[in-house]
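S.K.: Sharing a structure with you now.
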Amino acid sequence: MEFALNKIDKHWDNNRSLNQHTNDLKRKVMELNGVKEDTDSRMKAELQPRKTLKREVQIWLENVERINGEVQNLNKRIGESSTFTRGFHADDVLKRTREVEELIQQGKFQEGLVVDHPQWIGQVLSTTRLSGDGTKACMEEIWKCLMDDEVGKIGVWGMGGVGKTSIMKLINNQLLQEREKFDIVIWITASKEMSIAKLQKDIAGQIKVTFCGDECETRRAGMLFETLSRKSRFVVILDNIWEAVSLEKVGIPEPSTGIKLVLTTRSIDVCQKMGCRAIKVKPLVEEEAWNLFSEKVGRDILNVTGVEPIAKKIAKRCGGLPLGVITVASSMKGIDNLFEWRNALKELTEHKQSISGLEDEVFQQLQFSYDRLNDLKLQHCFLSCALYPGDRSIGERELVQLWIAEGLVEEMDSRLAEFDRGHAIMNKLLRNCLLEVFQGSGNKRLIKMHDLVRDMALHITREKPRFLVKAGMGLREPPNVQEWSEDLKKVSLMRNWKLKVLYPLEMSPPKCPMLTTLLLPCCGIKSIPEGFFNHMDGLKILDVSRNPINSLPNSISNLKNLTTLLLAYCDHLEYVPSLSKLGVLKKLDLEGTEIKEVPHGMQNLSSLKYLNLENLFKNVNEIPSGILSRLSCLQDLNVGRTVISGKEVSELKKLETFKGSFYDFDNLNMYLQAFHGREDLSEFIILVGKRKWEKEIYTSKRIELWDCGISPNQIMLPRHIEELHVTNCAYYGREEYPIFSRFVLSSLGTFSSLQYLVIWKINKMKKLFSPNSMPLNLKELKVSECWQLEEIIASEEIGWEERGRVTMEFCLPELKRVDLEVLPQLKSICSVDAVVVCGSLEWFAVKLCPKLKRMPLKLPQVLPSSPPKLCIYVDQKKWWESVKWDDPDTKSLLMPFVSFAVKRPENVWKRKRDELKLERDKLKLKLEQLELDKMKLEQLEPDKLILELDKVILELANKL
């Protein structure tokens, strides 16, 4: 009877509370559907071409749809129930509420909603705006053929510079949007020297086929054919084909339904031989050419009296070729002198030269722009760009370094000034449209020459200055003896991976007394004949980097005019001949080689400005004393992890950039004191201690402290330091004294430049910052595994009465990221009467900080009306629910941005590992304390010793 009454009581309780539970479920469903609406908006933004929804997102969307249906049915059943039977639905309501809560948490998707579609391949290309109705009509015709299943091969042809590649780049990007038609778009840039092997390699790279290296051409073709045949919808674009290509030999299946081939060429014969539907790209009509010319030269110039009629004649001379119009117009931009315009027309009209494979009109226009540079050094800088492979972009910094080495940029007081001058030269060439610029990773500029422009440059260098350029041509045999002529000025064989042999061993060494530049990187060279450099007395630049070479010939030692020797990443190189006679050598790069000791005679390199020894000394701990201090001209020094003397570095008065290691703080101080009153280095990355570098480097002004003892004495740091890592160090100051107060700058001032601070594994530290030592421009703060840390910003020794109960604000306007991990004693971020204002915070993570109970963050960007760009990551939901915020509304507003650690098995083990590490370190601390107690006890008299032991036994008994 009692059992039945209890069941009835429970049922009536359920009945009474059902309305509350139903309202809770309704609110949660509304919240879930709000998250789904946000997800739908994100999907529209993220679901770009070649992207697909993550499977977990698809499952979540299905579950949201399912739960909405189930809740709707549940509400219907409750509505149809009698007063007595309604209570039976209470458990269902609670169950659905829990499911909805879980879906809300799962719907954060902090790492994005989409992934690359595994079956979609393609790359968006940089494009330029097309000019002319004819060009646009041509593009429409190409597109129509691509959509027509009856057309398998399309040949886009026309004279050089008419815009074939520009059209196809736009087509490429448009195809990537056409998800219903094609899954794969393969773009291959060919050239005059294109081989079957190079085509195969480029295609393989895009469709993820790996060659071992020893396959024959036929086997590689088979591998490509097999992979492509499994893909039924793809387009292959071969840009700049010079002769007919056998698709069978390459491994491209014959086009059929869903498979297309598009090629661009200057010859209709190529289109016909390959069975293509030929589409001709015609030049611009006169009016279109004039519109493009006037746009590029600027209307302000054309308003000068008498200029427009001459400008129209010049535009007409460009023959409707967009490349020519743009290049010539750019060379005349900013010229408002009528005499110069008349002279320009005369020069352009009188040009008679032409070269094989180039139309006369195009060559005349490009040669005109080259001549109008009117500066011999500027022209030589331009010609040097042709030393690089035609189908690859070049890093802007790499090009400027070459110009500096060649003496094309005049020598200045600092490397920074020389680079600035080099970039100014680059901008002149870009403004004249003789070079093209693209954006690389990290906002670095990449430079490229149009193939016609490069052809023109190579034509010029067949006479004077004479170049031998066979870069990136897939050579297997070296140039023949006749090509090494006595009047050669520059030779580039770079990026011929299978060359292996530089010069026939049976032949006498080449006689090239005028040769100044020899570029041989990435050629697979294993050895250089002993006397190869005997007749190259004028050689200034030698680049043999990234070759599997074991040693260099002794004839290098006699290259008395050598200014640049580049041997970086010759990872088999163990020996470099004596450098003692290379008195004018300015740049020596030995990074990543296997050399085990400093090259003989390095102390004689009195002109050396750049020295890179990083990753060199794997078996040598130091550079012999006295060598570095004799290199008085050094501006850029990189010794990596090799420990050097701070005194020797301090004697290098011209140093601008430095990467190296000091044994201790004394050496760091010697180095810093020498720079007191002088301009700071533009770049420094310094390691103090004996550990490896951190992989992630955010800035160019960084100090790392590894395994150092931080004493009560103040530690000096560079005044403009931007990044500080303090790792695995012991703190020997007073525990209550904030550790950051131990650091001072080499000149008076605050840490206003410090942006990144990482504190990891610091023993015996209880406080990190004092209230007046906070670096106010900090962007990232990471603190982890500091077992005794109690406060991030220490509380001041001032009472409430003295302060007048005014809340103190620490404003960190630049702070974007905070990570607090494995800090078991951390109790507060700042004092109870203070807050930290972080208006730019984007990431806040707390892991294993069980004693942290208050969150004093003030986040002005968190408003009900505008969701912030913020992610909060915590390891335990229980901790988040218990932590108190000064403003309760902030906590509720932040809830949608909180992610909890997913309890996957590996995360459980990771957490267990962290907890075990925590216990281990606690035991280590106890052992240290016992050792101290032991030392004290050993100094006591026997009677006092017995008394102390009784105390210890009593304490242990109480704990147990």
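S.K.: Taking ALA197 as the residue in question, decide whether it is open to solvent by 30 Å² or more (accessible area, probe 1.4 Å), part of a helix (DSSP H, G or I) and touching a helix residue (DSSP H, G or I) at 6+ places or on another chain (Cβ under 8 Å). Lay out the reasoning, then the answer.
M.R.: Values: open to solvent by 30 Å² or more (accessible area, probe 1.4 Å): yes; part of a helix (DSSP H, G or I): yes; touching a helix residue (DSSP H, G or I) at 6+ places or on another chain (Cβ under 8 Å): yes.
Considered against the rule, which asks whether it is open to solvent by 30 Å² or more (accessible area, probe 1.4 Å), part of a helix (DSSP H, G or I) and touching a helix residue (DSSP H, G or I) at 6+ places or on another chain (Cβ under 8 Å), ALA197 comes out as yes.
S.K.: Identify, please: which residue in segment 99-115 is polar (S, T, N, Q) and either modelled with pLDDT of 75 or more or at positive phi (or both) and is, among those, least open to solvent (accessible area, probe 1.4 Å)?
M.R.: Looking only at segment 99-115, we keep the residues that are polar (S, T, N, Q), and these are 105-106, 110.
Add one more test, that the residue is either modelled with pLDDT of 75 or more or at positive phi (or both), and what stays is 105-106.
Details: GLN105: 54, GLN106: 98 Å².
Selected residue: GLN105.
S.K.: Could you please let me know if SER632 is touching a residue at least 12 places away in the same chain (Cβ under 8 Å) and surrounded by fewer than 20 Cβ atoms within 10 Å (Cβ to Cβ)?
M.R.: Working: touching a residue at least 12 places away in the same chain (Cβ under 8 Å): yes; surrounded by fewer than 20 Cβ atoms within 10 Å (Cβ to Cβ): yes.
So SER632 fits the description; yes.
S.K.: Limited to segment 728-765, what total is found for residues that are farther than 15 Å from SER711 by Cβ and aromatic (Phe, Trp, Tyr)?
M.R.: Number of matching residues: 3.
S.K.: Looking at segment 489-510, is at least one residue buried (at least 20 other Cβ atoms within 10 Å of the Cβ), of a type in the set (A, V, I, L, M), part of a strand (DSSP E or B) and in contact (Cβ under 8 Å) with a residue 12 or more places away in the chain?
M.R.: Filtering segment 489-510 for residues buried (at least 20 other Cβ atoms within 10 Å of the Cβ) gives 490-496, 499, 502, 510.
Still in the list and also of a type in the set (A, V, I, L, M): 491, 493-494, 499, 502.
Next cut, part of a strand (DSSP E or B) only: 491.
With in contact (Cβ under 8 Å) with a residue 12 or more places away in the chain added as a condition, the list becomes 491.
Within segment 489-510, one or more residues are buried (at least 20 other Cβ atoms within 10 Å of the Cβ), of a type in the set (A, V, I, L, M), part of a strand (DSSP E or B) and in contact (Cβ under 8 Å) with a residue 12 or more places away in the chain.
S.K.: Return the total of residues in segment 831-862 being β-branched (Val, Ile, Thr) and part of a strand (DSSP E or B).
M.R.: 4
S.K.: Can you give me the ranges of the helices (runs of 4 or more DSSP H) entirely in segment 390-475 with at least 3 residues that are without any contact (Cβ under 8 Å) to a residue 40 or more places away in the chain and surrounded by fewer than 16 Cβ atoms within 10 Å (Cβ to Cβ)?
M.R.: Values: elements: 396-405, 415-431, 451-460.
Helices (runs of 4 or more DSSP H) meeting the threshold: 415-431.
S.K.: Residues LEU789, LEU768: which one is part of a loop (DSSP other than H, G, I, E, B), crowded, with 20+ Cβ neighbours inside 10 Å and either modelled with pLDDT of 90 or more or touching a Gly at 6+ places or on another chain (Cβ under 7 Å) (or both)?
M.R.: Details: LEU768 fails: part of a loop (DSSP other than H, G, I, E, B).
Answer to the check: LEU789.
S.K.: For GLY626, all conditions in the list (1) surrounded by fewer than 22 Cβ atoms within 10 Å (Cβ to Cβ); (2) free of Cβ contacts under 8 Å to residues at least 60 places away in the same chain; (3) closer than 30 Å to GLU410 by Cβ hold save one; what is the number of the exception?
M.R.: The number of the failed condition is (3).
Every residue, every condition in (1) more than 20 Å from THR165 (Cα to Cα); (2) open to solvent by less than 60 Å² (accessible area, probe 1.4 Å); (3) of a type in the set (Gly, Ala, Ser), yes or no:
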site	(1), (2), (3)
ASP202	no, yes, no
GLY205	yes, yes, yes
ARG220	yes, yes, no
LEU238	no, yes, no
ILE241	no, yes, no
THR265	no, yes, no
CYS271	no, yes, no
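S.K.: Moving on to the next point. Give me the pairs, please: first residue somewhere in segment 313-326 and under 12 Å from SER131 (Cβ atoms) and of a type in the set (Val, Ile, Thr), second residue anywhere and in a helix (DSSP H, G or I) and open to solvent by 40 Å² or more (accessible area, probe 1.4 Å), beta-carbon distance under 8 Å, and either six or more positions apart or on two chains.
M.R.: VAL325/LYS296; ILE326/LYS296
S.K.: Another one. In the set LEU175, LEU125, which member is at pLDDT 75 or above and either within 25 Å of the chain's Cα centre (by Cα) or at positive phi (or both)?
M.R.: Details: LEU175 fails: either within 25 Å of the chain's Cα centre (by Cα) or at positive phi (or both).
The conditions single out LEU125.
S.K.: Let me ask something else. Could you please give the count of residues in segment 656-671 that are at pLDDT below 90, surrounded by fewer than 21 Cβ atoms within 10 Å (Cβ to Cβ) and not aromatic (Phe, Trp, Tyr)?
M.R.: Within segment 656-671, residues that are at pLDDT below 90, surrounded by fewer than 21 Cβ atoms within 10 Å (Cβ to Cβ) and not aromatic (Phe, Trp, Tyr) number 4.
S.K.: Still on this structure: With the structure loaded, tell me whether SER865 is among the hydroxyl-bearing types (Ser, Thr, Tyr), modelled with pLDDT under 80 and either over 31 Å from the mean Cα position of the chain (by Cα) or outside any strand (DSSP E or B) (or both) or whether it fails that test. Break it down into steps so the answer makes sense when it comes.
M.R.: Values: among the hydroxyl-bearing types (Ser, Thr, Tyr): yes; modelled with pLDDT under 80: yes; either over 31 Å from the mean Cα position of the chain (by Cα) or outside any strand (DSSP E or B) (or both): yes.
Against the criterion (among the hydroxyl-bearing types (Ser, Thr, Tyr), modelled with pLDDT under 80 and either over 31 Å from the mean Cα position of the chain (by Cα) or outside any strand (DSSP E or B) (or both)), SER865 qualifies.
S.K.: Could you go through segment 582-594 and let me know if any residue there is open to solvent by 10 Å² or more (accessible area, probe 1.4 Å) and touching a residue at least 60 places away in the same chain (Cβ under 8 Å).
M.R.: Here is the first cut: in segment 582-594, the ones open to solvent by 10 Å² or more (accessible area, probe 1.4 Å) are 583-584, 586-587, 589, 591-592, 594.
Going one step further and asking which of them are touching a residue at least 60 places away in the same chain (Cβ under 8 Å), we end up with 586-587.
Looking for residues that are open to solvent by 10 Å² or more (accessible area, probe 1.4 Å) and touching a residue at least 60 places away in the same chain (Cβ under 8 Å), one finds at least one in segment 582-594, hence yes.
S.K.: Could you check how many residues of segment 177-209 are aliphatic (A, V, I, L, M), under 19 Å from ALA471 (Cα atoms) and touching a residue at least 60 places away in the same chain (Cβ under 8 Å)? Explain how you work it out, then say what you get.
M.R.: Of the residues in segment 177-209, the ones aliphatic (A, V, I, L, M) are 184-186, 188, 190, 194, 196-197, 199, 203-204, 207, 209.
Right, trim to under 19 Å from ALA471 (Cα atoms) and you get 188, 190, 194, 196-197, 199.
When the remaining residues are screened for being touching a residue at least 60 places away in the same chain (Cβ under 8 Å), the result is 190, 197.
Counting residues in segment 177-209 that are aliphatic (A, V, I, L, M), under 19 Å from ALA471 (Cα atoms) and touching a residue at least 60 places away in the same chain (Cβ under 8 Å) gives 2.
Yes/no matrix, rows are residues, columns are (1) farther than 24 Å from LYS448 by Cα; (2) polar (S, T, N, Q); (3) out of contact with any His (no Cβ under 6 Å at 6 or more places or on another chain):
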site: GLY134; (1), (2), (3): yes, no, yes
site: VAL156; (1), (2), (3): no, no, yes
site: LYS181; (1), (2), (3): yes, no, yes
site: SER191; (1), (2), (3): no, yes, yes
site: SER195; (1), (2), (3): no, yes, yes
site: GLN206; (1), (2), (3): no, yes, yes
site: ARG220; (1), (2), (3): yes, no, yes
site: MET223; (1), (2), (3): yes, no, yes
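S.K.: Testing PHE84 on (1) assigned to a helix (DSSP H, G or I); (2) of a type in the set (Phe, Trp, Tyr); (3) at pLDDT below 75, one condition comes back false. Which one is that?
M.R.: All conditions pass for PHE84, except number (1).
S.K.: Just to be sure I understand, how many residues within segment 87-98 are modelled with pLDDT under 75 and open to solvent by 40 Å² or more (accessible area, probe 1.4 Å)?
M.R.: Final tally of qualifying residues: 1.
S.K.: Next up: Looking for something modelled with pLDDT of 85 or more, open to solvent by 30 Å² or more (accessible area, probe 1.4 Å) and touching a Phe, Trp or Tyr at 6+ places or on another chain (Cβ under 6 Å) - is there at least one such residue anywhere in segment 754-762?
M.R.: yes
S.K.: Does LYS560 qualify as being open to solvent by 30 Å² or more (accessible area, probe 1.4 Å) and in contact with a helix residue (DSSP H, G or I) (Cβ under 8 Å, 6 or more places away or on another chain)?
M.R.: Numbers: open to solvent by 30 Å² or more (accessible area, probe 1.4 Å): yes; in contact with a helix residue (DSSP H, G or I) (Cβ under 8 Å, 6 or more places away or on another chain): no.
No; evaluated as a whole, the condition is false for this residue.
S.K.: Right, here's the next one. Restricting attention to segment 236-250, which residues are at pLDDT 85 or above and over 20 Å from GLN123 (Cβ atoms)? Give the derivation first.
M.R.: Keep residues of segment 236-250 that are at pLDDT 85 or above, which gives 236-241, 243-250.
The answer is GLU243, ALA244, VAL245, SER246, LEU247, GLU248, LYS249.
S.K.: Same structure again: Restricting attention to segment 273-292, which residues are open to solvent by less than 40 Å² (accessible area, probe 1.4 Å) and of a type in the set (Val, Ile, Thr)?
M.R.: The answer is ILE279, VAL281.
S.K.: Is it the case that some residue within segment 244-256 is in contact with a Gly (Cβ under 9 Å, 6 or more places away or on another chain), under 26 Å from CYS145 (Cα atoms), open to solvent by less than 30 Å² (accessible area, probe 1.4 Å) and without any contact (Cβ under 8 Å) to a residue 24 or more places away in the chain?
M.R.: Among the residues of segment 244-256, not one is in contact with a Gly (Cβ under 9 Å, 6 or more places away or on another chain), under 26 Å from CYS145 (Cα atoms), open to solvent by less than 30 Å² (accessible area, probe 1.4 Å) and without any contact (Cβ under 8 Å) to a residue 24 or more places away in the chain, which makes the answer no.
S.K.: Only one of (1) modelled with pLDDT under 85; (2) touching an Asp or Glu at 6+ places or on another chain (Cβ under 7 Å); (3) over 24 Å from SER393 (Cα atoms) is not met by ALA190, so which one is it?
M.R.: (3)
Residue-wise test of (1) free of Cβ contacts under 8 Å to residues at least 60 places away in the same chain; (2) within 33 Å of the chain's Cα centre (by Cα); (3) closer than 23 Å to SER485 by Cβ.
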site	(1), (2), (3)
ASP537	yes, no, yes
LEU542	yes, yes, yes
PRO548	yes, yes, no
LEU552	yes, no, no
LEU562	yes, no, yes
CYS570	yes, yes, no
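S.K.: Tally time: how many residues in segment 251-278 are small (Gly, Ala, Ser) and modelled with pLDDT of 85 or more?
M.R.: Here is the first cut: in segment 251-278, the residues small (Gly, Ala, Ser) are 251, 256, 258, 267, 275, 278.
Filter again for modelled with pLDDT of 85 or more, leaving 251, 275, 278.
Qualifying residue count for the region: 3.
The values are calculated or read from the model by the stated rules, or taken from the named source; none is laboratory data. Remember, predicted model here, so these are calculated numbers, not experimental data. Ideal geometry is used to build each Cβ from the backbone, glycine not excepted, and the neighbour counts take in all protein chains shown. Accessible surface areas use protein heavy atoms only, side chains included; no ligands, DNA or RNA. Shrake-Rupley method; radii C 1.70, N 1.55, O 1.52, S 1.80 Å.
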